[in-house]
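Notes for the one structure printed next.
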Amino acid sequence: MVTKGQLKKKGELKAKSVEPITKKLQSAASVAATVKPSVEVDEVPVRPKETAKEREAREQRQEVLQKMLLEKRQEIIKEIEGSLGQSLTEDQQRRLESARDVGDQALMDLERELGISLMEMRNRRRQSIDEALTRLHEGTYGICAECGIEISERRLQAVPFAKLCVECQSRAELLEKIEREEDRD
């Protein structure tokens with residue numbers, strides 16, 4: 001049986017282990033907000049056997065995709081900054097924690113952990129978008145890594161960091177599902 005004292009110590013341990021993660025996320029968000037991706041569409045390489053019309057269409061598509069990626073990245077950074085702005089100062093948290101019982105403390109710890117998980121997820125999405133911007137600059141963004149066809153703009157709108165077209169992604173997910181079922185047996 002767990003006593004109230006043990007639960008309180010457990011909550012204190014969680015609070016102490018959460019603080020370094022929160023500080024890391026805050027520093028990552030401040031770096032993310034100040035770092036601007038250095039992707040220039042003007043430096044699009046000329047491809048052999050490409051007409052001027054095809055090159056113009058490709059450059060226009062890249063400009064649209066870059067604008068979309070930068071907008072998505074900015075949205076995520078605003079979400080991260082908004083989440084950081086909502087967190088309480090350490091003094092406010094200590095005052096709130098001292099006035100709560102064990103159940104309230106556990107709920108508060110759960111909310112804090114969920115907030116940190118959301119921040120980490122948003123930061124991973126931002127990193128994926130930064131990688132997509134790099135691939136755009138290299139000329140590989142929007143092209144399926146498996147079959148080499150262009151990924152539709154609708155798919156890239158929904159999943160801006162997609163590396164596979166819908167068909168290849170469906171096939172990969174099906175193979176993954178089959179492998180998981182084989183592992184269970």
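Which of the peptides 54-65, 151-162, 167-178 is most tightly packed, and how do the rest follow, judged by the mean count of other Cβ atoms within 10 Å per residue?
Highest to lowest by the protection proxy: 151-162, 54-65, 167-178.
Distances over 12 Å make up what percent of all Cα-Cα pairs in region 145-185?
61
Give me the dipole magnitude in Debye, nearest 20, for region 145-185 about the Cα centre, with unit charges on the beta carbon: positive for Lys and Arg, negative for Asp and Glu.
Around 260 debye, computed over region 145-185.
Since every read-out is calculated from the coordinates, none of them should be taken as a lab result. No experiment lies behind these values; they were computed from the predicted model shown. Every residue, glycine as well, gets a Cβ built from its backbone with ideal geometry; the counts of neighbours run over all protein chains shown.
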